[in-house]
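Enquirer: I'd like to ask you about the structure that follows.
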Amino acid sequence: MKQTHYVAREPDAQGFIHYPEQDHRVWNTLITRQLEVVQGRACQEYLDGIDQLGLPLERIPQLGEINQVLGRATGWQVARVPALIPFQTFFELLASKQFPVATFIRSEAELDYLQEPDIFHEIFGHCPLLTNPWFAEFTHTYGKLGLSASKEQRVYLARLYWMTIEFGLVDTCQGQRIYGGGILSSPKETVYSLSAQPEHQAFDPVECMRTPYRIDILQPVYFVLPDLKRLFDLAHENIMGRVEQASVLGLHAPKFSPKAA
């Protein structure tokens, strides 16, 4: 596990997390800015989820508020975790329909990019689509598969997660739209991902698993689902068979420069 200087905030005896005013100000800055940017760019299923969650603008929401909405919609919950968690814990949570949320928010100095997922990324980026049964089913299946996968297999599963749940696009009647939480929580990548600059490939799970990525750059390639239901269908296919196939075929050459030492 990598190290982080952020520390997740602990709840009080009643389960309430007290955030300082500066954290609420950061949340307000992030959400008001991003709500404007995602209009016309996010897929409708995501926007429907935003409406269901009714996220407050002036303060960081409590996890219990999110759980009430997710529980009614798909039976999911969010779970409070430290800033970074091991793969094993991550898969255990997803397999039990719990999405990990670290209870800290980035500093004002890191508004535009944060390497570790904070509460804004998890709540604003991912939770809206956890109200959608297709997305929720795929995420649950992914967790169960990761729980029983070997260390080597998990590397291929991680690429699939990155190219879908974090950085996926989807075709719609209105054109390409975003559903990946890593994009939707980033103003720069939200605009960039739909531009002519990156490469857009038709979704293929094996190709996703064979495509290297870096977490600290704008992505050079995005995979585009034909529709969001494709995730639900994939959840009922032989994903581990695809992992084996990707392992045999090997990785593609990276479409980015190596990270400087």
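FYI, it's all coordinate maths here, none of it is from the lab. A quick note: this is a predicted structure, and the numbers were derived from the prediction, not measured. Using ideal geometry, Cβ is built from the backbone for each residue, glycine included, and neighbour counts are taken over all protein chains shown.
Enquirer: Could you point to the residue in THR164, SER247, VAL221 farthest towards the positive end of segment 21-249's charge dipole, with +1 and -1 charges on the Cβ of Lys/Arg and Asp/Glu respectively?
Expert: It is SER247, whose Cα lies furthest towards the positive end.
Enquirer: Let me ask you something else. Can you tell which of HIS18, HIS200, HIS140 shows the greatest fluctuation in a Gaussian network model of the chain with Cα springs below 10 Å?
Expert: HIS18
Enquirer: Now for a separate question. Sort CYS43, CYS127 so that the residue with the fewest other Cβ atoms within 10 Å of its own Cβ comes first and the one with the most comes last.
Expert: Ascending number of Cβ neighbours within 10 Å: CYS127, CYS43.
Enquirer: Can you give me the C-alpha center-to-center distance between segment 210-243 and segment 96-149, rounded to a whole angstrom?
Expert: Taking the Cα centre of segment 96-149 as reference, the centre of segment 210-243 is 16 Å away.
Enquirer: Okay, next question. If I stretch the segment between THR4 and SER247 completely, what's the gain in nm (0.36 nm per residue apart, minus their alpha carbon distance), one decimal?
Expert: Contour length minus Cα-Cα distance gives 84.3 nm.
Enquirer: Then there's this: About the Cα centre of segment 1-154, how large is the charge dipole given +1 on each Lys and Arg Cβ and -1 on each Asp and Glu Cβ? Please answer in debye to the nearest 20.
Expert: 420
Enquirer: Same structure, new question: How much mean residue ellipticity at 222 nm does the chain get from its helices, if each DSSP H run of length 4 or more adds -39500 (n - 2.57) and you divide by all residues, to the nearest 500 deg cm²/dmol?
Expert: Result for the chain, helices only: -12000 deg cm²/dmol.
Enquirer: Rank the residues CYS173, CYS208 as a footprinting-exposure proxy: fewest other Cβ atoms within 10 Å of their Cβ go first.
Expert: CYS173, CYS208
Enquirer: How would you rank ASP12, ASP51, ASP171, ASP227, going from fewest to most other Cβ atoms within 10 Å of each one's own Cβ?
Expert: Fewest-to-most ranking of ASP12, ASP51, ASP171, ASP227: ASP12, ASP51, ASP227, ASP171.
Enquirer: So for the chain, averaging the separation of alpha carbon pairs under 8 Å that are six or more residues apart and normalising by length, what relative contact order in percent results?
Expert: It comes to 19 percent, rounded to a whole number.
Enquirer: Still on this model: For the chain, which span is the longest to avoid every loop-located (per DSSP) member of trypsin sites (Lys or Arg not before Pro) having at most 16 other Cβ atoms inside 10 Å?
Expert: 60-213
Enquirer: I would also like to ask the following. When a/c reaches 1.5 or more, the comparison of a/b and b/c decides; with that in mind, is segment 114-261 rounded, prolate or oblate per its Cα gyration tensor?
Expert: Rounded is the answer for segment 114-261, as its axis ratio a/c remains below 1.5.
Enquirer: PRE reach from LYS255 (point 7 Å along Cα→Cβ): which of segment 132-170 fall under 15 Å by backbone N?
Expert: Only 160, 162-164, 167-170 pass the distance filter.
Enquirer: Within straight cross-link reach of LYS151, meaning Cα distance under 14 Å, which aspartates and glutamates are found once same-chain residues fewer than 8 apart are removed?
Expert: The qualifying aspartates and glutamates are GLU244.
Enquirer: Now for a different question. Can you tally the net charge around LEU47? Count Lys and Arg as +1, Asp and Glu as -1, for every other residue whose Cβ sits under 12 Å from the Cβ of LEU47.
Expert: Value of the local net charge: -1.
Enquirer: Also: Show me the GluC sites (Glu not before Pro) within segment 3-71 that DSSP assigns to loop and that have at most 16 other Cβ atoms within 10 Å of their Cβ.
Expert: Here the sparse-neighbourhood loop sites are GLU58.
Enquirer: Dipole of the chain, Cα-centred, from +1 at each Lys and Arg C-beta and -1 at each Asp and Glu C-beta, to the nearest 20 debye?
Expert: 480
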